[in-house]
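Okay, structure first, notes after.
The values are calculated or read from the model by the stated rules, or taken from the named source; none is laboratory data. What you see is a predicted model; the values in this text were computed from it and never measured. Backbone-built Cβ (ideal geometry, glycine too); neighbour counts: all protein chains shown. The area values use the complete protein model at the heavy-atom level, side chains included, leaving out ligands, DNA and RNA. Shrake-Rupley method; radii C 1.70, N 1.55, O 1.52, S 1.80 Å.
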Amino acid sequence: EFANAKNNYLVPDNFQEDPPRGIAYRSSPTNIGLGLLASISGRDMGYIGIKETVESISKTVSTIEKMEKWNGHLYNWYDTRTLKTLRPAYISAVDSGNLIGCLIAVRAALREMNEQGADRLEDRLTNIINAMNLKPLYDEKRKLFYIGWDADKDEAYQTLYHVLLTFCKLACPF
């Protein structure tokens, strides 16, 4: 209900009902990926039809395609109403990995639907995935991923993730 035109078809980070603070008009790559998966789940559970699922995903993908990126990666936070990157501007390796995993799952679900227009949407998802250059987030010497990239300083955060973390498992095939 919140991933609407006002929010550029992005899922806001949260909604607080009590105490009443309303919608947090920001979103992250993880939120966006899970929002796309929610559309697939809604279809799987019979809440929405295939055509509505494809349209919903297509609207979000159109938003992703026009958002500011760094080496193909979405920044960690955006204002959902304006699509402006929120400061500090950084790329989270975990959020990028979560988004990649979600995009792969959504692409596979669309393939199974075999709906008209879904094949073009699969191609668009593939393009987003392939554009995400993981090399700057990876320390070749240590064979580990950095926690992220500070876009304002144009440098990697020097903390590294252990290879067994989920992100690494998601990103390693790329």
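Would you pick out the residues in the range 121-134 that are at pLDDT 95 or above and either under 24 Å from Phe2 (Cβ atoms) or not small (Gly, Ala, Ser) (or both)?
Leu121, Glu122, Asp123, Arg124, Leu125, Thr126, Asn127, Ile128, Ile129, Asn130, Met132, Asn133
Residues of the range 109-123 being in contact (Cβ under 8 Å) with a residue 12 or more places away in the chain and open to solvent by 30 Å² or more (accessible area, probe 1.4 Å), which ones?
Listed by number, the residues that qualify are Glu115, Gly117.
How many residues are closer than 29 Å to Val106 by Cα and open to solvent by less than 100 Å² (accessible area, probe 1.4 Å) when one looks only at the range 140-155?
Going through the range 140-155 one residue at a time, the tally reaches 8.
Could you look through the range 124-139, keep only residues that are part of a helix (DSSP H, G or I) and charged (D, E, K, R), and pick out the one that is surrounded by the most Cβ atoms within 10 Å (Cβ to Cβ)?
For the range 124-139, the residue satisfying everything is Arg124.
When you go through Ser56, Ser62 one by one, which is the residue that is in contact (Cβ under 8 Å) with a residue 24 or more places away in the chain, in contact with a Ser or Thr (Cβ under 9 Å, 6 or more places away or on another chain) and open to solvent by 20 Å² or more (accessible area, probe 1.4 Å)?
Just a single option satisfies the conditions, and that option is Ser56.
Results for (1) hydroxyl-bearing (Ser, Thr, Tyr); (2) without any contact (Cβ under 8 Å) to a residue 40 or more places away in the chain; (3) crowded, with 19+ Cβ neighbours inside 10 Å; (4) in contact with an Asp or Glu (Cβ under 6 Å, 6 or more places away or on another chain), shown as yes or no for each residue.
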position	(1), (2), (3), (4)
Ile48	no, yes, no, no
Lys69	no, no, no, no
Asn76	no, no, yes, yes
Asp79	no, no, no, no
Thr82	yes, yes, no, no
Ala89	no, no, no, yes
Asp95	no, no, yes, no
Asn98	no, no, yes, no
Leu103	no, no, yes, no
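Going by what's in this entry, would Leu103 be described as in a helix (DSSP H, G or I), under 20 Å from Phe145 (Cβ atoms), touching a helix residue (DSSP H, G or I) at 6+ places or on another chain (Cβ under 7 Å) and of a type in the set (A, V, I, L, M)?
Yes.
Restricting attention to the range 16-32, does a residue exist that is among the small types (Gly, Ala, Ser), outside any loop (DSSP other than H, G, I, E, B), modelled with pLDDT of 95 or more and open to solvent by 50 Å² or more (accessible area, probe 1.4 Å)?
no
Hey, could you check the range 33-46 for residues that are of a type in the set (A, V, I, L, M) and in contact (Cβ under 8 Å) with a residue 60 or more places away in the chain and say which is surrounded by the most Cβ atoms within 10 Å (Cβ to Cβ)?
Selected residue: Leu36.
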